[in-house]
Amino acid sequence: MTLQWRPLTKDDVERWAQLLAEVEKVDQVGENYGAEDLADDLDNPLLDLAEGTLAAWDGDRMAACGLTACGSAADPAHRMHLWAAVHPEYRRRGLGRHVLDWAIRNTPVLHERRHPGRPLELHTSVFDGNEGATALMRAAGMTPSRWFFTMGRDLDAEIRPAALPAGLRIVPYRADLADAARGVRNAAFTDHWGSVPHTPESWERTIVGVHAFRPEDSYLVQDGSGRGVAVLITHYYEADTQATGIREAWIQIIGTVREWRGKGVAGALLAHALGEFRARGYRRAALGVDADNPTGALGVYTRAGFEVENRTTTYVLRLAGEASGD
């Protein structure tokens with residue numbers, strides 16, 4: 001088998017989407033992406049297309065690909081993430097190892113350009129049912145370091161009402177609230193493992209400026225002075241509906257600032273969003289959560305009717321400096 005390896009270009013998104021669709025048919029992890037979604041990923045300002053992407057081609061068929069994007073911060077360490085996929089028909093042929101070896105060689109080069117002298121870690125996430133990828137990560141010396149759940153619920157089931165604390169209100173997302181929403185997200189995720197603050201550019205280019213963003217299904221909770229205290233950002237993937245026949249609201253971000261935690265804000269915001277999702281024709285809602293989330297989010301989601309559907313392990317390889325710890 002002779003394959004051609006080269007970086008991705010923006011002209012490759014249709015073939016990339018086809019590759020991921022074939023992967024989903026076998027792995028069944030509930031992820032479906034269209035070409036427009038992938039074009040947004042390639043537009044990430046922290047991704048170097050020429051040196052941070054790699055794809056294997058068998059003629060005009062994409063057999064494998066990998067991307068390593070930089071992080072916007074490096075405190076306590078620069079955590080670069082590898083996102084990779086291998087077509088099911090090309091597995092067990094060394095393509096995954098080729099992509100991983102490339103990432104291990106290449107991330108230090110990209111790292112030194114953006115965060116020279118800082119500790120560097122390569123992170124990648126593997127769904128627990130993917131035994132081949134799990135074995136590959138372990139063979140490369142990567143350590144399982146964190147576990148995440150994908151949780152979902154049907155919207156035809158009961159949505160339990162929950163009241164906001166007195167003095168708070170929920171407002172729909174608007175463009176003039178972008179800085180407030182970003183600030184709430186950054187404050188809420190300060191103590192979350194692996195999280196880095198969003199800059200105005202990264203917020204626009206990866207969260208609210210992408211094809212999947214749904215402002216009409218996203219919300220900010222404000223106090224009496226208008227200050228944001230909680231945020232919920234929703235993405236919707238048309239490719240997912242085309243593949244499953246079900247409209248699913250993906251809750252990309254939900255967070256509450258520290259001083260308002262434990263007071264029912266997140267539960268009330270989530271109940272409000274679920275009711276609105278149902279009214280707008282969604283049939284399901286889903287989100288991702290750190291299994292060891294320090295804020296009690298897992299309990300909030302469980303009480304709101306969400307159930308664990310998939311489990312993911314994040315593997316880490318330290319490439320420079322000291323480990324980042326928690």
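Considered as a group, the residues in region 277-293 that are part of a strand (DSSP E or B) and under 16 Å from R153 (Cβ atoms) include one that is nearest to the chain's Cα centre (by Cα), and that residue is G288. The strands (runs of 3 or more DSSP E) falling completely within region 156-254 that include 2 or more residues that are buried (at least 17 other Cβ atoms within 10 Å of the Cβ) map to 219-222, 228-235.
Residue check: is A55 part of a strand (DSSP E or B) and either outside the structural domain of H235 (by TED's automatic domain parsing) or of a type in the set (K, R) (or both)? Here the answer is yes, as A55 does meet what is asked. Once region 286-304 is narrowed to residues that are closer than 20 Å to E259 by Cα and surrounded by 17 or more Cβ atoms within 10 Å (Cβ to Cβ), the residue that is modelled with the lowest pLDDT is T295. Against the condition in the same structural domain as I104 (by TED's automatic domain parsing), of a type in the set (G, A, S), in contact with a Phe, Trp or Tyr (Cβ under 7 Å, 6 or more places away or on another chain) and touching a residue at least 12 places away in the same chain (Cβ under 8 Å), how does A63 come out, does it pass? Against the criterion (in the same structural domain as I104 (by TED's automatic domain parsing), of a type in the set (G, A, S), in contact with a Phe, Trp or Tyr (Cβ under 7 Å, 6 or more places away or on another chain) and touching a residue at least 12 places away in the same chain (Cβ under 8 Å)), A63 qualifies. Close contacts from region 221-236, counting a first residue that is in contact (Cβ under 8 Å) with a residue 60 or more places away in the chain and a second that is surrounded by fewer than 19 Cβ atoms within 10 Å (Cβ to Cβ) and among the aliphatic types (A, V, I, L, M), with Cβ to Cβ under 8 Å and a gap of 6+ residues or different chains, come to none at all. In this structure, is A140 surrounded by fewer than 12 Cβ atoms within 10 Å (Cβ to Cβ) and hydrophobic (A, V, I, L, M, F, W, C)? Answer is no for this residue.
For region 10-39, the candidate set comprises residues that are out of contact with any Leu (no Cβ under 7 Å at 6 or more places or on another chain) and outside any helix (DSSP H, G or I); within that set, the residue that is surrounded by the most Cβ atoms within 10 Å (Cβ to Cβ) is G34.
This table checks each residue for (1) at pLDDT 95 or above; (2) within 20 Å of D290 (Cα to Cα).
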site	(1), (2)
W193	no, yes
H198	no, yes
V208	yes, no
V257	yes, yes
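G129 meets the conditions (1) touching a helix residue (DSSP H, G or I) at 6+ places or on another chain (Cβ under 8 Å); (2) over 20 Å from L38 (Cβ atoms); (3) at pLDDT 95 or above in every case but one. The failed one is (3).
Scanning region 276-310 for residues that are within 15 Å of A266 (Cα to Cα) and basic (K, R) returns a single hit, R303. Among the residues of region 82-113, how many are more than 23 Å from L3 (Cα to Cα) and in contact with a Gly (Cβ under 8 Å, 6 or more places away or on another chain)? Residues meeting the conditions: 1. Evaluation of L110 against the conditions (1) over 26 Å from E309 (Cα atoms); (2) part of a strand (DSSP E or B); (3) of a type in the set (A, V, I, L, M, F, W, C) shows that the sole unmet condition is (2). Within region 98-113, being in contact (Cβ under 8 Å) with a residue 60 or more places away in the chain and either farther than 19 Å from R146 by Cβ or surrounded by fewer than 19 Cβ atoms within 10 Å (Cβ to Cβ) (or both) holds for H98, I104, P108, L110, H111.
The values are calculated or read from the model by the stated rules, or taken from the named source; none is laboratory data. Nothing here was measured: the structure is a model prediction, and the numbers come from that model. All Cβ positions, even for glycine, are placed from backbone atoms using ideal geometry, and neighbour counts span all protein chains on display.
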